[in-house]
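Working notes, beginning with the structure itself.
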Amino acid sequence: MVNAGTADFLVEIGTEELPPKALPRLEAAFADAAIEGIRAAGLAHGETQSFATPRRLALLVRDLQLEQPTREIEKRGPPVKVAFADDGTPTRAAEAFAQGCGVSVADLERHSTPKGEWLYYRGTEAGQPSAGLLPEIVSQALARLPIPKRMRWGAGDAEFVRPVHWLTMLLGDTTVDAQIMGQTATAATRGHRFLSPEPLPLQQPGDYQAALETHGHVLPVFAARRDRILADAAAAAVAVGGTAVLNPDVVDEVTALVEWPVALTGRFDEEFLELPEEVLISTLQDHQRYFPVRAKDGKLLPHFITISNLASLDPEQVQTGNERVVRPRLADAAFFWQQDCKLSLSERRDALQDVVFEKDLGSVFDKSARVASIGHEITAELQHDAHFDQTVFQQWVVRAAHLAKTDLLTAMVGEFPDLQGRMGYYYAIQDGEEKAVARAIEEQYLPRHAGDELPASPVGRVLALADRLDTLAGIFSVGKRPTGSKDPYGLRRAALGVLRILIEGRLDLDLHQHLVRAVSLQPGQPAAELPDEVFAFIIDRLRPYYLDGLAPGLAAGEVAAETFEAVRSRSPTSPLDFHQRLEAVQGFLRLPAAESLAQANKRIANILRDADESATTVDPDLFEADEERALHAAVTRLASAHGDRLAQRDYAAVLTALAELREPVDDFFEGVMVMTDDASLRANRVALLRQLRHLFLDVADLSLIPA
């Protein structure tokens, strides 16, 4: 206990082994919910620390207030005209209100408000002891955990992600009286299942971590346990002359599987090193949760690091056991490789006719033919490497499209689905295919998720685009577009992939034109408006791409929604063109003239919307004011170079030049009445504004941007 009125609080939920991939999320959610409950109860506290191992979730709260503070309360009762009879005696309404407040009617106050006079009660309410509030706070925190499917155990009705076997709740030196998840709270924790199975009594909450580490053979802090694994695995790899391959996700999962990590080194036969290294890594890392080891030259060594959950008295036996487990898995992989190499990818292509892509869209064979056709058309529009000609480029794209999915029929991909594409690369090289074709087969799946790398090769980019355009067009054509949060075909991810490849890869492609082509290749008779729908769906993905800071060089919140809409209103059909326009508008908005011209555009848009005149030709002889002559001269002067800048898509130069119009535009609106009664003057001035408006609209609709 630190001072009078506060004490440290510890809660620990002891369970059977928790799901390893969910453990960090469960730890954070439990701590957040419990702390939120403590604060909602009005209890002050100091620092907090959460803990998580395979068999426990725990939270330590320092200096928790032992009692809620006394608080002022105010209650409004019935109106005075309802609370008292004509003779001034209290009615039943007044008496019931007073009784509910624990006072007499005479103790109540009267307060006048704009809506009349009311009875009020003012008083104080004593705070409750924390010990009585904590059981419900903890119970509610456990109930709010993100657990998709809860389970029951034994004869009770408690439900949790795993059966609960003990409950520790200690406030200062006192055990909290609580019954949660079928367990009665005690002042004892539990150590390692095998190394320290007996209860470990605690005198104070602050003793928790030291007791587990010293006597319980448990490292309860997730981050500390992870650091131990990283350090020990690295040292074990150095001992065999290499460096451990420490995938962060695998390290996290291993950390969630052990309470007392001990690194051990294992070995496998060198003949398995002839397999593609991804097969070895997938076998060791994804199947067994072992860490591969690389030599200084980057090649894999015939060693692996495993993390045991205890310090064995006979570590060689543990090592031998792990080697015995991994050997048949690697032997299976070697067998799959040898069998797969007996048949080329080209020889497997016809078998794709028996693999259904989607029941209304035909087989994977049919899809590959559509992708080849779309890719062939795309190559005619995209620039490519100057080392090969257009015909060769198209041939490689078509070849890659025909072979792209054939590795799905191999035994290796059947066993290691995450290696699809990569195994296709190895088999294509083995078959003597062009390296550009092999690389494209691997890169077709990029990007797999937000932030993932993009296809690097020209053929890979085209194949990745064509495959996604076919999927989007096809699934939309059979009416299975995403609804709400449901997106079983990953169409949102596919659309974002298309945009990232085109924008970040600096590829200028008329997306709408190629969607028309993709839709036309689908079975049946897709609706004529379908390309527009798919195009709008894809462009919709640009909103979060820019507004949420996913686009390179643009932080979240840097692009305003109005700026995005200003560009979108011009309907660029090339995503790269859209990006270039938006970049130019972002730059324009930083200019001193931006706000004034944006407001002028808004004013001009309102005038043109209400004007009856449709004339676009300006007659200088009708000018009366120097301000309209000056504006016309400035517009004419800019128009001569405007078209060339647009043709070169130098949007930044276009808007920078238009910024020079600030002074003549401001002077025009200050000195000229546009909607004059003289019809000819009015039409001439509207035509001048229409010319000015079109200059800005060639890039974006700046009238949509607020001050």
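No value in this document is a laboratory result; all are computed from the given coordinates. None of these values were measured; they are calculated from a predicted model. Every residue, glycine among them, receives a Cβ derived from its backbone with ideal geometry; neighbour counts consider all protein chains shown.
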- Taking the alpha-carbon centre of each part, the distance from the stretch 665-704 to the stretch 477-497 in Å is 44 Å
- How large is ³J(HN,Hα), in whole Hz, for each residue of the stretch 507-519 in order, when computed from phi with the Karplus curve 6.51 cos²θ - 1.76 cosθ + 1.60 and θ = phi - 60°, using x for Gly and Pro? 9, 8, 10, 6, 4, 4, 4, 6, 5, 4, 5, 5, 5
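For a test of the definition: using alpha carbon positions, the gyration tensor, and the 1.5 limit on a/c, classify the chain as rounded, prolate or oblate. Write out the running numbers ahead of the final one.
Numbers: a/c = 2.52, a/b = 1.12, b/c = 2.26.
Judged from the Cα gyration tensor, the chain comes out oblate (a/c at least 1.5, b/c at or above a/b).
Using a cut-off of 9 Å between beta-carbons, work out the net charge of the residues near SER574 (Lys and Arg +1, Asp and Glu -1, SER574 not included). Can you show the working numbers first?
Details: positive: none; negative: ASP508, ASP510, ASP577.
Net local charge, SER574 excluded: -3.
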- Query: When each pair of different Cα atoms in the stretch 71-125 is counted once in the 1/r mean, what is the Kirkwood radius in angstroms, to one decimal?
  - Reply: 11.3 Å
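What is the sum of charges around ALA41, taking Lys and Arg as +1, Asp and Glu as -1, for the other residues whose C-beta is under 11 Å from the C-beta of ALA41? Present the calculation step by step, with values, prior to reporting the outcome.
Working: positive: ARG39; negative: GLU36, GLU67, GLU136.
Around ALA41, the charge tally is -2.
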- For ALA143 paired with GLU323, estimate the spin-label separation in nm (one decimal), with each label point 7 Å from Cα along the Cα-to-Cβ line. 5.5 nm
- Message: Please list, in order along the stretch 228-243, the HN-Hα scalar couplings obtained from phi with the Karplus expression 6.51 cos²θ - 1.76 cosθ + 1.60 (θ = phi - 60°), rounded to whole Hz, x for Gly and Pro.
- Response: 4, 5, 4, 5, 5, 5, 5, 5, 5, 5, 4, 4, 9, x, x, 10
- Note on the structure: Around ALA518 (Cβ within 12 Å, Cβ-to-Cβ, excluding ALA518; K/R +1, D/E -1) the net charge comes to +1
- State to the nearest 20 debye the size of the charge dipole of the stretch 347-540 about its Cα centre, where the only charges are +1 on K and R beta carbons and -1 on D and E beta carbons. 320 debye
- Task: Could you check the simple spin-label distance between VAL82 and ALA40, using points 7 Å along Cα→Cβ, in nm with one decimal?
- Result: 3.0 nm
- With a Förster radius of 22 Å, plug the Cβ-Cβ distance of THR656 and GLU558 into 1/(1 + (r/R0)^6) and report the FRET value to the nearest 0.05. 0.65
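Expected output is a single nm value to one decimal: the length gained when fully extending between GLU274 and ASP314, i.e. 0.36 nm times separation in residues minus the C-alpha distance. What is it?
11.2 nm
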- Item | Debye equation applied to the C-alpha atoms of the stretch 33-177, log10 I(q)/I(0) at 0.12, 0.16, 0.18, 0.20 Å⁻¹ | -0.71, -0.89, -1.02, -1.17
- Task: From the P(r) of the stretch 347-540, can you give the percent of Cα pairs sitting at distances over 28 Å?
- Result: 20 percent
- For the stretch 580-704, divide the Cα radius of gyration by the Kirkwood radius and give the resulting Rg/Rh value with two decimals. 0.96
- Item | Most positive-pole-ward Cα, ALA611, THR175, HIS512, against dipole of the chain from beta carbon charges | THR175
- Table column - 3J(HN,Hα) (Hz), the stretch 309-320, Karplus curve with 6.51, -1.76, 1.60, x for Gly and Pro: 9, 6, 8, 6, 6, 9, x, 5, 5, 5, 4, 4
- Task: Mind listing the long-range amide H neighbours of THR6? Cut-off is under 5 Å, sequence gap 5 or more, other chains count too, H placed in the peptide plane at 1.01 Å from N.
- Result: LEU66
